[in-house]
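One structure is given here, and the rest of the page talks about it.
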Amino acid sequence: MPGNAELVARSLKSVWHPATQMKAHETVPMVPMVRGEGPWLFDADGRRHLDAISSWWVNLFGHREPRIGGAIKAQLDRLEHVILAGFTHEPVVRLSEELSALTGGTLGHAFYASDGASATEIALKMSAHFWRNHGRAEKNRFVCIEGGYHGETLGALAVTDVPLFRQAYEPLVRGAHAVPSPDDRNAAGNESRESVALRAADALERFLEAHADTTAAVILEPLIQCAGGMAMHHPVYLRKVREACDRHSVHLIADEIAVGFGRTGTLFAHEQADIRPDFLCLSKGITGGFLPLSVVLSTDAVYDAFYDDSAARAFLHSHSYTGNPLACAAALAVLDIFRTDDVIATNQQKATRFDAIAAPLREDERLSHFRRTGMVWAFDVAASTRGFARRFTSAMAQRGVLLVPLGRTVYFMPPYVFGDEEFSMLVTATRSALDEVLTPER
Ligand SMILES: *Cc1c(COP(=O)(O)O)cnc(C)c1O
């Protein structure tokens with residue numbers, strides 16, 4: 001078996017890594033992983049790394065969770081794949097039924113793809129096509145939130161308000177309108193988070209008053225805008241957005257690709273506002289990090305707008321791996337674990353204990369906006385800290401922790417199998433790495 005140095009050298013020659021300036025690897029080390037177990041990853045030199053970000057937010061129950069692995073193995077012996085146009089299979093039927101039941105039957109039509117960005121594309125296309133089928137083709141524009149992230153294909157990029165990801169492709173992208181963010185950190189003076197949320201909702205209301213005639217949908221990440229810096233907001237924002245969308249006949253697309261499946265403390269984040277969206281996008285945690293799968297759930301009203309004798313009125317979108325049986329089997333195992341392990345309630349108790357463990361970070365005067373929603377913790381370091389993300393990632397890697405800040409926002413998004421011991425190790429490593437990185441270089 002090749003060791004770390006050899007694997008990295010070969011990777012840098014042949015693999016074009018995502019979200020990476022490859023030249024940065026002249027100085028930033030890369031870590032090749034060969035094995036996973038629970039919250040741990042093991043590199044090619046046998047060193048273990050604590051996975052504090054669930055391997056890009058997908059791994060809910062730790063690496064190689066045996067029940068998910070077992071479900072995939074069992075499915076492998078029955079059926080690995082079949083075209084989903086004109087054919088069906090039990091795992092996709094059961095998964096669709098279970099997801100529908102989990103939304104109280106309100107989002108009962110499941111359309112599948114294989115990644116998050118494709119789910120965004122599907123929701124945007126479905127929404128615009130819905131209005132077209134209703135004779136309102138001019139309702140084809142979208143509203144997103146400042147700093148929102150919905151993926152990086154051209155359609156998804158249009159509603160992704162992260163300048164670094166968008167700049168180079170601006171001429172290829174059809175602009176959407178970004179409304180002010182309900183981010184708690186926008187509080188002026190002693191303003192409450194609820195007031196920040198209401199102020200942001202007002203701005204959306206005013207935009208829709210003027211532009212609802214050309215707007216198909218509002219897309220947002222409920223409760224936490226994740227890639228945009230773990231920006232958290234009060235649930236009242238979602239209630240007000242739902243009301244505004246209803247008042248102005250505009251769809252609400254909830255992108256729960258990152259925040260779904262218990263991450264915010266409820267199975268779906270929108271539940272905390274006691275609302276339902278018209279479209280619900282899910283991916284990432286849906287297979288526990290085992291296989292690529294995404295799904296868009298929609299309402300009867302949406303589905304009925306496409307149900308017709310005319311092919312042109314149908315939703316003709318497709319992906320070759322749509323509803324892949326192995327991925328569906330993994331997702332069914334994930335939903336099973338939520339039930340048998342009472343994951344939501346267990347996580348609530350864990351999060352309270354982890355809060356106590358994280359107290360030294362909350363009290364650290366070098367840090368600001370220490371915050372938590374469900375199983376996501378985040379804080380910011382001062383804006384003047386140059387090269388922070390790169391240096392902090394390296395400092396954490398040296399301490400055996402896999403963690404990648406978003407700019408100057410550090411966040412923990414641990415797999416739910418973390419215990420007090422792992423969380424303590426994470427906090428200790430973080431404090432020590434902060435001491436190293438925030439000390440001015442001489
Ligand atoms: C990751 C993410 C996406 C895109 O998912 P991919 O599978 O990476 O294409 C979309 N929306 C949100 C909120 C995400 O976090």
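The values are calculated or read from the model by the stated rules, or taken from the named source; none is laboratory data. For clarity, every value in this text was computed on a predicted model and none was experimentally measured. Glycine gets a Cβ as well: all are built from the backbone with ideal geometry, and neighbour counts include every protein chain shown.
Go through Arg141, Arg136, Arg166, Arg132 for me and flag whichever is surrounded by fewer than 19 Cβ atoms within 10 Å (Cβ to Cβ), in contact with a Leu (Cβ under 7 Å, 6 or more places away or on another chain) and basic (Lys, Arg). Outline the logic, then answer.
Values: Arg141 fails: in contact with a Leu (Cβ under 7 Å, 6 or more places away or on another chain); Arg136 fails: in contact with a Leu (Cβ under 7 Å, 6 or more places away or on another chain); Arg132 fails: in contact with a Leu (Cβ under 7 Å, 6 or more places away or on another chain).
After applying the criteria, what remains is Arg166.
Which one of these is closer than 20 Å to Gly407 by Cβ, assigned to a strand (DSSP E or B) and at pLDDT 95 or above: Ala227, Ala178, Ala217? Can you show your working first?
Values: Ala227 fails: assigned to a strand (DSSP E or B); Ala217 fails: closer than 20 Å to Gly407 by Cβ.
Of the residues listed, the single one that is closer than 20 Å to Gly407 by Cβ, assigned to a strand (DSSP E or B) and at pLDDT 95 or above is Ala178.
Can you tell me which condition Phe130 does not meet? The list is (1) under 22 Å from Asp304 (Cα atoms); (2) of a type outside the set (Asp, Glu); (3) in contact with a His (Cβ under 8 Å, 6 or more places away or on another chain); (4) assigned to a strand (DSSP E or B), and all the others hold.
For Phe130, the exception is condition (4).
Considering each of Ser96, Ser114 in turn, give the residue that is in contact with a Pro (Cβ under 9 Å, 6 or more places away or on another chain), small (Gly, Ala, Ser) and surrounded by 15 or more Cβ atoms within 10 Å (Cβ to Cβ). Can you show your working first?
Values: Ser96 fails: in contact with a Pro (Cβ under 9 Å, 6 or more places away or on another chain).
Among Ser96, Ser114, only Ser114 is in contact with a Pro (Cβ under 9 Å, 6 or more places away or on another chain), small (Gly, Ala, Ser) and surrounded by 15 or more Cβ atoms within 10 Å (Cβ to Cβ).
For (1) within 25 Å of Phe261 (Cβ to Cβ); (2) β-branched (Val, Ile, Thr), each residue gets a yes or a no:
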position: Thr322; (1), (2): yes, yes
position: Asp336; (1), (2): yes, no
position: Asp341; (1), (2): yes, no
position: Asn347; (1), (2): yes, no
position: Ile357; (1), (2): yes, yes
position: Glu365; (1), (2): no, no
position: Arg371; (1), (2): yes, no
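Looking at region 413-427, is at least one residue over 23 Å from the mean Cα position of the chain (by Cα), farther than 28 Å from Lys284 by Cβ and not assigned by TED's automatic domain parsing to the domain that holds Ala269?
no
Enumerate the pairs (first residue in region 399-420 and of a type in the set (Gly, Ala, Ser); second residue anywhere and assigned to a strand (DSSP E or B)) with beta-carbon separation below 7 Å, excluding pairs fewer than 6 apart on the same chain, so at least 6 apart or on different chains.
From residues that are of a type in the set (Gly, Ala, Ser), the pairs are Gly400/Arg48; Gly400/His49; Gly400/Leu50.
Inspect region 284-294 for any residue being at positive phi and within 11 Å of the ligand (Cβ to nearest atom) and give the result as yes or no. Lay out the reasoning, then the answer.
To start, the set of residues in region 284-294 that are at positive phi comprises 284, 288-289.
In the following step, the residues that additionally are within 11 Å of the ligand (Cβ to nearest atom) were identified as 284.
Looking through region 284-294, at least one residue is at positive phi and within 11 Å of the ligand (Cβ to nearest atom).
Being more than 10 Å from the ligand (Cβ to nearest atom) and assigned to a loop (DSSP other than H, G, I, E, B) is the filter here; which residues of region 264-283 pass it?
Of everything in region 264-283, those that are more than 10 Å from the ligand (Cβ to nearest atom) and assigned to a loop (DSSP other than H, G, I, E, B) turn out to be Thr264, Gly265, Thr266, Leu267, Phe268, Asp274, Ile275, Arg276, Pro277, Asp278.
Pick from Leu84, Leu79: which is closer than 10 Å to Ala329 by Cβ and either away from the ligand (no atom under 16 Å from the Cβ) or not in a loop (DSSP other than H, G, I, E, B) (or both)? Walk me through how you get there before you give the answer.
On the way: Leu84 fails: closer than 10 Å to Ala329 by Cβ.
That would be Leu79, the only listed residue that is closer than 10 Å to Ala329 by Cβ and either away from the ligand (no atom under 16 Å from the Cβ) or not in a loop (DSSP other than H, G, I, E, B) (or both).
Which of the residues that make up region 243-260 are touching a helix residue (DSSP H, G or I) at 6+ places or on another chain (Cβ under 7 Å) and away from the ligand (no atom under 12 Å from the Cβ)? It would help to see each step written out before you state the result.
Within region 243-260, the first condition is being touching a helix residue (DSSP H, G or I) at 6+ places or on another chain (Cβ under 7 Å), and the residues that meet it are 244, 248-260.
Once the filter is applied, which keeps residues that are touching a helix residue (DSSP H, G or I) at 6+ places or on another chain (Cβ under 7 Å) and away from the ligand (no atom under 12 Å from the Cβ), region 243-260 yields Ala244, His248, Ser249, Val250, His251, Leu252.
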